[in-house]
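Trainee: Below are the structure tokens for one structure; questions will follow.
The values are calculated or read from the model by the stated rules, or taken from the named source; none is laboratory data. Values in this document were obtained by computation on a predicted structure and should not be read as measured data. Ideal geometry is used to build each Cβ from the backbone, glycine not excepted, and the neighbour counts take in all protein chains shown.
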Amino acid sequence: MVFVEQNLLLSDLVARNRDVVPIQYVRPISERPNLEDVIASDKSNIPIVDLQGIDGSNWSSVVKAIGLACQSDGFFQVNNHGISEELMANMICVSREFFRLPVSERNNSYSDSPLKANRLSTSFNVNTEKFGCWRDYLRLHCDPLEDFIHEWPSNPPSFRDVASEYSKKIRELALKLLGCISESLGLDKDSMKNSLGKHAQHMAINYYPTCSDPQLTYGLPAHKDPNAITLLLQDNVPGLQVLKNGKWVAVNPIPNLVVNIGDQIEVLSNGRYKSVLHRAIVNREQERMSIPTFYCPSMDSIIQPHKSLVDHKNTQLYRTFTYGEYYEMFWNRGLSRESCLDLFTISQN
Ligand code: OGA
Ligand code: NI
């Protein structure tokens, strides 16, 4: 992207002039969000899975519900997930405070290198992309916590405490969901978990400033997440949309977590569960925050469809690769293609 000034966040650019969308963010007409065609979400189009009893009493019915949601949508909300509303609210609150710090405080950790584990950055990958994304983000690695926490922001003063508590709780939930997903595919409960090697957990704190003309640009254009599974916490401002039956559906920001299948589960499940296209649009009146947790394999993990899901009827759809190989491809394409999965498919002819 033709960027204006180094180390400048979009929020700082917007603060100088709220009334313009700088040219590097204006998408060509054919690539704009067409907001008038978006469908409002209701209970029937984004499934909600009740996780009450996931720890025992209701395990098998939760497995069944998750299996259905993964099969039909790959994108669902969860309630009764065991993460307190207070913790979720605190997480949003310290994140917002971080983005409100004076520039001199907050921009110390700026980096536009995807190789840097913990960084404050803007757009997606300013080194490779043609158009800017209307977002700033703080990207944090969360596991093992002690390897990374010293690089996390120390201001606001409660940031590290709240974010580490949240990341531990969300990790537990991600692992439970992986257990359910494994069993719902007829695999051992630990199967997905074992496929992720040493595991990794990243968090993005996405900050989408107000935008004077949301029809021209995206917070994040349509993409599939490259990781195994994403658990997203968001504030009460709409913006997230998911592609369903060829139409974009707005996901209401109700106080549930949103879960989506990422590319690695699509591969491990040999395509039974699909990674789904989603995007974030921006808002004229209100800034928005979202905090996805990306649960991933470690870079050296070898990813391939699970053997028991490949047979004469279900041929192997994806080749074997390391997650590191996949991840590099994801960051370098600059979100100019919607998905990397097609680069790893085995031709069926
Ligand atoms: C992401 C993402 C959606 C949102 O960060 O990968 O899809 O609502 N975010 O911010
Ligand atoms: Ni995403």
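Trainee: Within the stretch 188-209, track down each residue that is within 20 Å of N252 (Cα to Cα), in contact with a helix residue (DSSP H, G or I) (Cβ under 7 Å, 6 or more places away or on another chain) and either within 16 Å of ligand 2 (Cβ to nearest atom) or among the polar types (S, T, N, Q) (or both).
Mentor: Matches in the stretch 188-209: I205, Y207.
Trainee: Name every residue in the stretch 202-218 that is of a type in the set (A, V, I, L, M, F, W, C), outside any loop (DSSP other than H, G, I, E, B) and crowded, with 22+ Cβ neighbours inside 10 Å, in order of residue number.
Mentor: Matches in the stretch 202-218: M203, I205.
Trainee: Here is a check on your reading of the model: is N283 away from ligand 2 (no atom under 15 Å from the Cβ), at pLDDT 95 or above, within 22 Å of F76 (Cα to Cα) and in contact with a Pro (Cβ under 8 Å, 6 or more places away or on another chain)? Even if it seems obvious, please write down each step before you answer.
Mentor: On the way: away from ligand 2 (no atom under 15 Å from the Cβ): yes; at pLDDT 95 or above: yes; within 22 Å of F76 (Cα to Cα): no; in contact with a Pro (Cβ under 8 Å, 6 or more places away or on another chain): yes.
For N283, the condition - away from ligand 2 (no atom under 15 Å from the Cβ), at pLDDT 95 or above, within 22 Å of F76 (Cα to Cα) and in contact with a Pro (Cβ under 8 Å, 6 or more places away or on another chain) - is not met.
Trainee: A further question follows. Here is a list: K189, K193, K198. Which entry is in contact (Cβ under 8 Å) with a residue 24 or more places away in the chain, away from ligand 1 (no atom under 16 Å from the Cβ) and either in a loop (DSSP other than H, G, I, E, B) or over 30 Å from I29 (Cα atoms) (or both)?
Mentor: Details: K189 fails: in contact (Cβ under 8 Å) with a residue 24 or more places away in the chain; K193 fails: in contact (Cβ under 8 Å) with a residue 24 or more places away in the chain.
One residue alone meets the criteria, K198.
Trainee: Output the residues belonging to the stretch 311-336 that are surrounded by 15 or more Cβ atoms within 10 Å (Cβ to Cβ) and either farther than 30 Å from R27 by Cα or touching a Gly at 6+ places or on another chain (Cβ under 8 Å) (or both).
Mentor: Q316, L317, Y318, F321, T322, Y323
Trainee: Next question. May I ask you to list pairs of residues, at least six apart or on different chains, whose Cβ atoms are under 6 Å apart, with the first in the stretch 225-254 being more than 24 Å from L177 (Cα to Cα) and the second being charged (D, E, K, R) and more than 11 Å from ligand 2 (Cβ to nearest atom)?
Mentor: Every condition considered, the pairs that remain are V237/R288; G239/R288.
Trainee: Still on this structure, I have one more. For the condition touching a Cys at 6+ places or on another chain (Cβ under 8 Å), under 23 Å from S298 (Cβ atoms) and either crowded, with 23+ Cβ neighbours inside 10 Å or touching a residue at least 40 places away in the same chain (Cβ under 8 Å) (or both), what is the one hit in S182, S167?
Mentor: Exactly one residue qualifies, and that residue is S167.
Trainee: So, restricting to strands (runs of 3 or more DSSP E) that lie completely within the stretch 228-285, which ones have at least 1 residues that are at negative phi and near ligand 1 (Cβ under 10 Å from one of its atoms)?
Mentor: Details: elements: 229-234, 240-244, 247-250, 257-261, 278-280.
Output list reads 229-234, 240-244, 257-261, 278-280.
Trainee: Spot the failing condition for R171; the list is (1) away from ligand 1 (no atom under 16 Å from the Cβ); (2) within 15 Å of the chain's Cα centre (by Cα); (3) closer than 26 Å to D19 by Cα, and only one is missed.
Mentor: For R171, the failing item is (3).
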